[in-house]
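Trainee: Before we start, here is the structure in question, set down as structure tokens.
The values are calculated or read from the model by the stated rules, or taken from the named source; none is laboratory data. What you are looking at is a predicted structure, and each value in this text was computed from that prediction instead of being measured. Counting neighbours? That spans all protein chains shown, and the Cβs are built from the backbone with ideal geometry, glycine included.
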């Protein structure tokens, strides 16, 4: 049986993929033992992605070659704009995040990932857009679906896990992978480059939570 193209890209991204999905941040988050400082820093920086991520979803809608895919990307944009953004606001309040939410500078990995999302969105390339989206969503599902149950008592930890492991999110990742499997091989060099860069930035982003 031929290995899926998306799985080939994931394998090519090692060891960064495994380092990210098995990261100290992931282990402590899933155990509910992560200190407030790293959690605050992580969420402040992660919230900075929302605008760029919505632009990337917009590019996916614009470049997709099927109506079904465009509708699915549109539904995902609604989740990010609503449920996920609301989680951030509640988590910031719980963690006592104040002015630093706006005044802290972007970390190097944050700036790098925003630039990569902007690059893909402006490329006009559906495979490139899919490659970044696939990393951003599939990598999170990979660790979230393996989180031990029961989940931590603190909603800041538990809801960040369930936002990335629920039936709708799993279905979205399945769509992303299927679309990348379908169109990626025709732009193989571009997909390999973008996918590997995105995974490396994800690992650096998790490292930065403890900076």
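Trainee: Based on this model, can you work out whether residue 57 counts as within 30 Å of residue 182 (Cα to Cα) and within 16 Å of the chain's Cα centre (by Cα)? So that I can check it myself, show each step before the final result.
Mentor: Details: within 30 Å of residue 182 (Cα to Cα): yes; within 16 Å of the chain's Cα centre (by Cα): yes.
So residue 57 fits the description; yes.
Trainee: Taking the conditions exactly as written (surrounded by 13 or more Cβ atoms within 10 Å (Cβ to Cβ) and over 24 Å from residue 10 (Cα atoms)), does residue 106 satisfy them or not? Can you show your working first?
Mentor: Numbers: surrounded by 13 or more Cβ atoms within 10 Å (Cβ to Cβ): yes; over 24 Å from residue 10 (Cα atoms): yes.
Spelling it out, residue 106 is indeed surrounded by 13 or more Cβ atoms within 10 Å (Cβ to Cβ) and over 24 Å from residue 10 (Cα atoms).
Trainee: Quick check on this structure: which one of 84, 68 is in a helix (DSSP H, G or I) and more than 20 Å from the chain's Cα centre (by Cα)?
Mentor: Details: 84 fails: more than 20 Å from the chain's Cα centre (by Cα).
Selected residue: 68, the only one of 84, 68 that is in a helix (DSSP H, G or I) and more than 20 Å from the chain's Cα centre (by Cα).
Trainee: Also, quick follow-up: Does residue 3 satisfy the criteria of being at pLDDT below 95, surrounded by fewer than 16 Cβ atoms within 10 Å (Cβ to Cβ) and closer than 24 Å to residue 174 by Cβ?
Mentor: On the way: at pLDDT below 95: yes; surrounded by fewer than 16 Cβ atoms within 10 Å (Cβ to Cβ): yes; closer than 24 Å to residue 174 by Cβ: yes.
In short, yes.
Trainee: Can you give me the number of residues within segment 87-98 that are modelled with pLDDT of 95 or more and part of a loop (DSSP other than H, G, I, E, B)?
Mentor: Looking only at that region, the number is 2.
Trainee: Select from segment 99-137 the residues that are part of a loop (DSSP other than H, G, I, E, B) and under 20 Å from residue 188 (Cα atoms) and list them in ascending order. Lay out the reasoning, then the answer.
Mentor: Residues of segment 99-137 that are part of a loop (DSSP other than H, G, I, E, B), as a first pass: 99, 104-107, 124-125.
Answer for segment 99-137, where residues must be part of a loop (DSSP other than H, G, I, E, B) and under 20 Å from residue 188 (Cα atoms): 124, 125.
Trainee: Filter segment 138-161 for residues that are part of a helix (DSSP H, G or I) and exposed (fewer than 15 other Cβ atoms within 10 Å of the Cβ) and give the result. Can you show your working first?
Mentor: We begin by selecting, within segment 138-161, every residue part of a helix (DSSP H, G or I); these are 138-144, 155-161.
Across segment 138-161, the qualifying residue is only 155.
Trainee: Also: Would you check which residues across segment 181-211 are crowded, with 23+ Cβ neighbours inside 10 Å and over 16 Å from the mean Cα position of the chain (by Cα) and list them?
Mentor: Correct list: 184, 191.
Trainee: A further question follows. Consider segment 7-45. How many of its residues are in a loop (DSSP other than H, G, I, E, B) and surrounded by fewer than 20 Cβ atoms within 10 Å (Cβ to Cβ)?
Mentor: Of segment 7-45, the ones in a loop (DSSP other than H, G, I, E, B) are 13-15, 22-23, 32-35.
Add one more test, that the residue is surrounded by fewer than 20 Cβ atoms within 10 Å (Cβ to Cβ), and what stays is 14-15, 22-23, 32-33, 35.
The number of residues fulfilling the criteria is 7.
Trainee: From (1) surrounded by fewer than 19 Cβ atoms within 10 Å (Cβ to Cβ); (2) at pLDDT 95 or above; (3) over 18 Å from residue 151 (Cα atoms), pick out the condition that doesn't hold for residue 54.
Mentor: (2)
Trainee: If a residue has to be over 16 Å from residue 180 (Cβ atoms) and over 13 Å from the mean Cα position of the chain (by Cα) to count, how many in segment 122-163 make the cut?
Mentor: The qualifying residues number 18.
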